[in-house]
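Visitor: This is the structure I have questions about; it appears just below.
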Amino acid sequence: MYDPEYEIGFTNWMDGFEPTADANAFLFDNASGSAVGAWKAWANGNKTIYMGVDPLALNSAPTYVWWGATLEGPSKRALDWMLWGDEPCSLQNGDANGDSNVDVLDVVMEVAHILGTNPITDACNFSAADANDDGGVDVLDVVWTVNMILTGGRIGDLATSSVINVKDNSATFTADGNVDAFQITVSHDADVTFTMTEHAFLADYATNGTSTMMIIVVPDSHELFTASGEFVIDEYLAAAGDGYINVSLSVPSEFALNAAYPNPFNPTTTIGYAVPKSSDVKVIVYDMLGREAAVLVNSSVEAGNYSVNWNASDLSSGMYMVRMTAGDFVSTQKLMLVK
Ligand SMILES: [Ca+2]
Ligand SMILES: [Ca+2]
């Protein structure tokens with residue numbers, strides 16, 4: 001282990017700080033004139049290691065605190081009692097790419113960081129991307145940055161709540177005012193692809209296997225995104241102004257087996273269904289002799305609106321029946337396969 005007296009450069013540190021010539025005092029006791037906090041830096045390979053002593057612990061056991069081992073220097077954020085004269089970097093909040101403008105490029109950079117497609121690794125850029133200074137980069141920083149860009153250009157009140165609706169593999173929303181950003185994570189089969197709304201300041205997504213995270217910034221229609229197949233919304237956040245707003249998924253009020261489309265069909269059709277509460281749901285297709293032709297759904301399903309595709313390419317033309325059952329609910333519909 002290191003010798004603290006040597007490492008930090010103090011002599012007589014129990015009686016008050018008398019920094020040695022190579023230590024840096026940063027806080028002084030006005031009455032005694034002695035230092036009550038000090039730090040020292042060492043080169044260590046291509047990094048600089050910083051160490052400080054906690055002035056708040058002077059009268060008990062002084063504690064040594066490592067803070068920072070970075071190229072840039074000590075982090076003020078890591079120990080907020082430190083009174084550093086200089087910020088380690090001076091980028092304007094929101095100017096994530098450091099080009100002295102806060103514009104859509106910075107929002108793109110923040111969104112790519114959140115989606116994980118291009119994480120911000122530079123401490124200075126990260127600090128600028130953390131526009132609201134809470135130590136992380138998330139959708140609130142996107143909103144903060146967008147509002148800097150759009151100052152004066154927005155009409156109407158900020159939303160306080162929003163409802164996300166899913167129907168026919170598309171997500172839309174309603175809200176009681178302007179929503180600045182949505183962050184939505186959905187799960188889906190690996191071959192499902194997504195098309196983001198074109199009516200937004202910015203909309204982007206990142207798919208990782210069977211999970212996709214999307215960020216839709218300042219949507220100016222009710223559209224959010226459309227998928228090529230079924231998905232389930234796992235997580236959702238929405239923000240307006242400087243905070244999150246209440247957001248919920250619309251839940252159907254009753255079970256329903258919706259009209260298949262197209263019908264008649266050849267060879268695929270889409271069948272929508274609604275589940276008002278978590279239930280064991282079966283959607284099964286029978287031929288006219290009552291034999292099972294396809295099991296489309298047979299699982300526990302969360303409340304929501306869903307749709308399922310049926311491909312009947314290996315079956316012969318004719319009439320089929322699709323039956324949805326969930327608890328006491330039963331609904332049946334005719335399907336006409338015409339080849
Ligand atoms: Ca910029
Ligand atoms: Ca932040």
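Visitor: Would you mind checking which residues have amide H under 5 Å from Ser162's amide H? H placed 1.01 Å from N; only 5 or more apart, or other chain.
Guide: Here Asn246, Val247, Ser248 satisfy the definition.
Visitor: Quick one: which residues, 5 or more positions from Gly229 or on another chain, have an amide H under 5 Å from its amide H? H modelled 1.01 Å from N in the peptide plane, none for Pro or chain starts.
Guide: Thr193
Visitor: Right, something else. Beyond 21 Å, how much of the Cα-Cα pair distribution for the stretch 256-337 remains, as a whole percent?
Guide: Summing the P(r) of the stretch 256-337 above 21 Å gives 22 percent of all pairs.
Visitor: How high is the relative contact order of the stretch 161-249, given as a whole-number percent (alpha carbon pairs under 8 Å, six or more residues apart)?
Guide: 39 percent
Visitor: To continue, here is another question. Assuming 0.36 nm per residue, please report the length gained on full extension of the stretch Glu235 to Asn263 beyond their Cα-Cα distance.
Guide: Length difference between fully extended and current span is 6.7 nm.
Visitor: Find how much the distance from Tyr244 to Ser221 grows on full extension, using 0.36 nm per residue of separation minus their present alpha carbon separation; answer in nm with one decimal.
Guide: Roughly 6.3 nm would be gained on extension.
Visitor: Another one. So for Ile164, Ile271, fewest C-beta neighbours within 10 Å to most, what's the order?
Guide: By the 10 Å Cβ count, ascending, the order reads Ile164, Ile271.
Visitor: Suppose R0 equals 56 Å; then what is the FRET efficiency for Ser161 and Leu289 from their Cβ-Cβ distance, rounded to the nearest 0.05?
Guide: The computed FRET efficiency comes out at 0.65.
Visitor: When 1/r is averaged over all different Cα pairs and the result inverted, which Kirkwood radius in Å belongs to the stretch 89-133?
Guide: 10.0 Å
Visitor: Taking R0 as 41 Å, what FRET efficiency do you get between Asn311 and Cys124 from their Cβ-Cβ distance, rounded to the nearest 0.05?
Guide: 0.20
Visitor: What is the set of long-range amide H partners of Asp234 at a cut-off below 5 Å, with H atoms built 1.01 Å from backbone N?
Guide: Thr185, Val186, Ser187
Visitor: Over all distinct Cα pairs, what is the inverse of the mean 1/r for the stretch 161-249, reported as the Kirkwood hydrodynamic radius in Å?
Guide: Radius from the Kirkwood sum: 12.8 Å.
Visitor: Taking 0.36 nm per intervening residue step and subtracting the Cα-Cα distance, what contour gain separates Ser228 from Ser170 on full extension?
Guide: 20.0 nm
Visitor: A follow-up question, please. Could you give me the ³J(HN,Hα) list for the stretch 282-287, computed from phi with Karplus coefficients 6.51, -1.76, 1.60 and θ = phi - 60°, whole Hz, x at Gly and Pro?
Guide: Along the stretch 282-287, the couplings run 10, 10, 10, 9, 10, 8 Hz.
Visitor: To continue, here is another question. So what J values fall out for the stretch 158-169 if you push phi through Karplus, 6.51 cos²θ - 1.76 cosθ + 1.60 with θ = phi - 60°, rounded to Hz, Gly and Pro as x?
Guide: 6, 6, 10, 8, 8, 10, 8, 10, 10, 8, 6, 6
Visitor: Something else now. To the nearest 0.05, what FRET efficiency results for Leu105 and Thr210 with a Förster distance of 51 Å applied to their C-beta separation?
Guide: E(calc), rounded to 0.05, equals 0.95.
Bear in mind these aren't lab numbers, they're just calculated from the coordinates by the rules spelled out. A quick note: this is a predicted structure, and the numbers were derived from the prediction, not measured. Cβ sites come from the backbone with ideal geometry, for glycine too, and all protein chains shown count toward neighbours.
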